[in-house]
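**Student:** Next up is a structure, given as C-alpha cells.
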Amino acid sequence: MWSFFLASLVVALVPGPDNIFVLSQSASFGRKAGLVVILGLCTGICIQILFLVTGLSLILVNSPKAFFVLQCLGACYLLYLAFLSFRVQKGVISVEKTKALSPFKLYRRGAFMNLTNPKAVIFLLAFLPPAVNTSLSLSPTTQIIVLGLLFILSVWIVFGAFAFFGGWIYHFFSSSPKANLYLNRAAGAVFIFLALSLFIW
C-alpha cells in the first residue's frame with residue numbers, strides 16, 4: 001500500500017489535464033477556489049472508481065462511439081471555459097469574477113472536468129486493477145476501493161500544493177487589471193490545449 005501511495009503521488013505530480021486545470025483555476029480565482037475545484041475533481045474520481053468496480057468503465061473503453069462522445073463532451077466543455085476566459089476584459093479583475101463564480105459552480109467545474117476526461121477512465125483501468133493482491137483475504141472490489149481512496153488522498157496532497165501556488169499567482173496579479181487580462185488569456189490558451197489533448201494519444 002505504501003508503494004502504491006508513493007506511486008500515486010508521483011503520478012499526481014506528472015503534468016496532466018486535472019492538475020493543470022487546478023493550477024489555472026487557482027491562478028484565476030484564488031486558492032480557496034482551487035481547493036473547491038479539487039473537491040469536485042475528487043468527486044469525479046470517486047464516481048470513476050464506482051464505474052470501475054461495476055464494469056461500466058470497461059464497457060465505455062470498448063465502445064468507440066461512446067468513448068468518442070465522451071471526448072467531444074470534454075472538449076466542448078473545455079472550449080466553453082476558454083471562451084469565458086477570453087471574454088474577460090482588461091478592466092475586470094479577478095475579485096469581481098470570483099463573486100460571479102459560486103463554490104457550487106467551481107465544484108461543478110472540477111467534477112465535470114474529471115468525468116468528461118476519457119483519459120481518466122483509461123488511467124484508472126490501467127492503474128488500480130494491477131495493484132490488487134489476489135493473495136489477500138480482501139476481495140478485489142474492496143481492494144480497488146481502498147486503493148482508490150489512497151489515490152484520492154495523494155491527489156488532495158499534490159493538487160492542494162498546486163492550488164496554493166496558483167493562489168500565490170492570483171494575489172500577485174489581481175492588483176493589476178492588465179496582468180489579470182494576460183492571465184485570463186493564458187488560461188484560455190490552456191483550456192484550448194487541454195481540449196485538443198483529449199484527442200491526442
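The values are calculated or read from the model by the stated rules, or taken from the named source; none is laboratory data. As the structure is a computational prediction, the values presented were derived from the model and not from experiment. A quick note on method: Cβ atoms are made from the backbone with ideal geometry, for glycine too, and the neighbour counts reach across all protein chains shown. SASA here: full protein model, heavy atoms, side chains in, ligands and nucleic acids out. Shrake-Rupley method; radii C 1.70, N 1.55, O 1.52, S 1.80 Å.
**Student:** Within the range 178-190, can one find any residue that is under 14 Å from the mean Cα position of the chain (by Cα) and under 28 Å from CYS72 (Cβ atoms)?
**Tutor:** Yes, that holds for at least one residue.
**Student:** Looking at the range 111-138 only, could you name the residues that are assigned to a loop (DSSP other than H, G, I, E, B) and either open to solvent by 50 Å² or more (accessible area, probe 1.4 Å) or within 16 Å of LEU58 (Cα to Cα) (or both)?
**Tutor:** Of everything in the range 111-138, those that are assigned to a loop (DSSP other than H, G, I, E, B) and either open to solvent by 50 Å² or more (accessible area, probe 1.4 Å) or within 16 Å of LEU58 (Cα to Cα) (or both) turn out to be THR116, ASN117, LEU128, ASN133, THR134, SER135, LEU136, SER137, LEU138.
**Student:** Whether any residue in the range 81-93 is under 15 Å from PHE51 (Cβ atoms), at pLDDT 85 or above and open to solvent by 20 Å² or more (accessible area, probe 1.4 Å) is what I want to check.
**Tutor:** No, there is no match, as no residue in the range 81-93 is under 15 Å from PHE51 (Cβ atoms), at pLDDT 85 or above and open to solvent by 20 Å² or more (accessible area, probe 1.4 Å).
**Student:** Continuing with this model, one more query. Being surrounded by fewer than 17 Cβ atoms within 10 Å (Cβ to Cβ) and at pLDDT 90 or above narrows it down to one of VAL155, VAL146, so name that one.
**Tutor:** So the residue among VAL155, VAL146 that is surrounded by fewer than 17 Cβ atoms within 10 Å (Cβ to Cβ) and at pLDDT 90 or above is VAL146.
**Student:** Taking LYS105 as the residue in question, decide whether it is surrounded by fewer than 17 Cβ atoms within 10 Å (Cβ to Cβ), at pLDDT 85 or above and charged (D, E, K, R).
**Tutor:** So LYS105 passes the test.
**Student:** I would also like to ask the following. Quick check on the range 16-33. Is at least one of its residues under 12 Å from the mean Cα position of the chain (by Cα), charged (D, E, K, R) and either more than 17 Å from PHE172 (Cα to Cα) or in a helix (DSSP H, G or I) (or both)?
**Tutor:** yes
**Student:** Residues ALA7, ALA12, ALA66, ALA27: which one is under 21 Å from PHE104 (Cβ atoms) and either open to solvent by less than 20 Å² (accessible area, probe 1.4 Å) or among the small types (Gly, Ala, Ser) (or both)?
**Tutor:** Answer to the check: ALA27.
**Student:** Would you confirm, using the coordinates I've provided, whether LEU39 is over 16 Å from ALA189 (Cα atoms), modelled with pLDDT under 85 and assigned to a helix (DSSP H, G or I)?
**Tutor:** no
**Student:** What are the pairs, 6+ residues apart or on separate chains, where a residue within the range 186-201 that is among the β-branched types (Val, Ile, Thr) has its Cβ under 7 Å from a residue that is at pLDDT 80 or above?
**Tutor:** VAL190/ILE20; VAL190/SER24; ILE192/LEU79; ILE192/ALA82
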